[in-house]
Amino acid sequence: MQHLLVSRPTLPFDATRAHTPPMPPIPPPRVDGFTTTTPVPLYWAEYGDPDATPVLVLHGGPGASHDYLLPQMLALAEQHRVILYDQRGGGRSRHDDDREAIGWRDQVADVARVATELGVAPLRLVGYSWGGLLAMLYAVESNAGHESPAPSSLALIDPAPVDRALREEFEREFARRQSGPVVSALRDELNASNLRERDPEAYRQRAFELSVAGYFADPRRARDLTPFRVTGRVQQSTWASLGDYDLLPALRALHLPAFVVHGRQDPIPLASSQAVARALGTVCVVLEDCGHVPYVEQPAGLFPPLLDFLKAS
């Protein structure tokens, strides 16, 4: 990301500013609860018209929660019944007494149970980041006859890398950005300040922004992302369970409507989403001046084509 390599004094944002512009409020769900058909209860929340066509939104992570997609992703609720849930091991679906390793097959099986229990039919999947890879895994398993219901369409927003080599490329690029001069200078500035003592809440917000700055084309936009936490053990066990994965051959066997979008400045290689799009027989929509979080960085470029796709599929 080129502008992460600029040197001071042109820092992208002030790491020690005392006050943060207020985040847009996250509205309460129309209805929410916990699943009863999954091995452990999973928290879910629903927005929009209950009689509208449903979409099941899969958040990133693994080990995160749905909250950080909000409020921006609720643009989908203008036309759809939108169901989100915290995947097993994260958010309000985290169970501290459950120390068994959680793998990708557990997460795929949960998609089927959530969709069935909550009546998501037809099953339109909208997956962001890891959630995009989870949507692909689910579609592959369903196509092999291992899970049902079958998805009717896939919408993939900056999906996680489609194979292990591309994931390793992403990890190197993200580490490079996070250790670059701008983010390092901001981190040093924050550590040297007394913001932790003056305003602990503001300090936590600054620290969060710095932890995700490398995902953004413009690091200042990190302040517009709802903060979240990742359960490290779930993230590690899920990725470990995938081993030396490569989904492309299995994706070529799928025959269903698909939408793929990717930010030009995403640390996840654009080549990954382009390969996914080719395998699924569609095109990859590339958003300029956009990193990994298009619903924050480029909502005007993301939502119109996404809503058009969902309407048509």
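The values are calculated or read from the model by the stated rules, or taken from the named source; none is laboratory data. Source: prediction; values computed, not measured. Cβ sites come from the backbone with ideal geometry, for glycine too, and all protein chains shown count toward neighbours.
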Legend entry - Residue under evaluation Pro249, criteria (1) surrounded by fewer than 22 Cβ atoms within 10 Å (Cβ to Cβ); (2) in a loop (DSSP other than H, G, I, E, B), criterion not met: (2)
Inset, instruction - May I ask you to list the residues in segment 289-300 that are free of Cβ contacts under 8 Å to residues at least 40 places away in the same chain and assigned to a helix (DSSP H, G or I)? - result: Ala300
Legend entry - Residues that are in contact (Cβ under 8 Å) with a residue 60 or more places away in the chain, part of a loop (DSSP other than H, G, I, E, B) and in contact with a strand residue (DSSP E or B) (Cβ under 7 Å, 6 or more places away or on another chain), drawn from segment 252-264: Leu256, Pro257
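Per-residue answers, yes or no, for (1) polar (S, T, N, Q); (2) crowded, with 22+ Cβ neighbours inside 10 Å:
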| site | (1), (2) |
| --- | --- |
| Leu210 | no, no |
| Asp218 | no, no |
| Gln236 | yes, no |
| Trp239 | no, no |
| Val286 | no, no |
| Leu302 | no, yes |
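Please enumerate the residues belonging to segment 127-166 that are part of a helix (DSSP H, G or I), charged (D, E, K, R) and without any contact (Cβ under 8 Å) to a residue 40 or more places away in the chain.
Let us first name the residues in segment 127-166 that are part of a helix (DSSP H, G or I), namely 130-143, 164-166.
Filter again for charged (D, E, K, R), leaving 141, 164.
Scanning segment 127-166 gives a single hit, Glu141.
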Inset, instruction - Examine segment 28-35 for a residue that is touching a residue at least 24 places away in the same chain (Cβ under 8 Å) and among the basic types (Lys, Arg), and state whether such a residue exists. - result: no
Legend entry - Selected residue (criterion: nearest to Leu70 (Cα to Cα)) from residues of segment 181-222 that are over 24 Å from the mean Cα position of the chain (by Cα) and part of a loop (DSSP other than H, G, I, E, B): Asp199
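For segment 40-98, please list each of the strands (runs of 3 or more DSSP E) lying entirely inside it that holds at least 3 residues being surrounded by 24 or more Cβ atoms within 10 Å (Cβ to Cβ) and either modelled with pLDDT of 95 or more or of a type in the set (Gly, Ala, Ser) (or both). Steps first, please.
Numbers: elements: 43-47, 54-58, 81-85.
By residue number, 54-58, 81-85.
Being touching a helix residue (DSSP H, G or I) at 6+ places or on another chain (Cβ under 7 Å), farther than 30 Å from Pro219 by Cα and touching a residue at least 12 places away in the same chain (Cβ under 8 Å): is that true of Val120 here? Let's see the steps before the verdict.
Numbers: touching a helix residue (DSSP H, G or I) at 6+ places or on another chain (Cβ under 7 Å): no; farther than 30 Å from Pro219 by Cα: yes; touching a residue at least 12 places away in the same chain (Cβ under 8 Å): yes.
When the stated conditions are applied, Val120 does not pass them.
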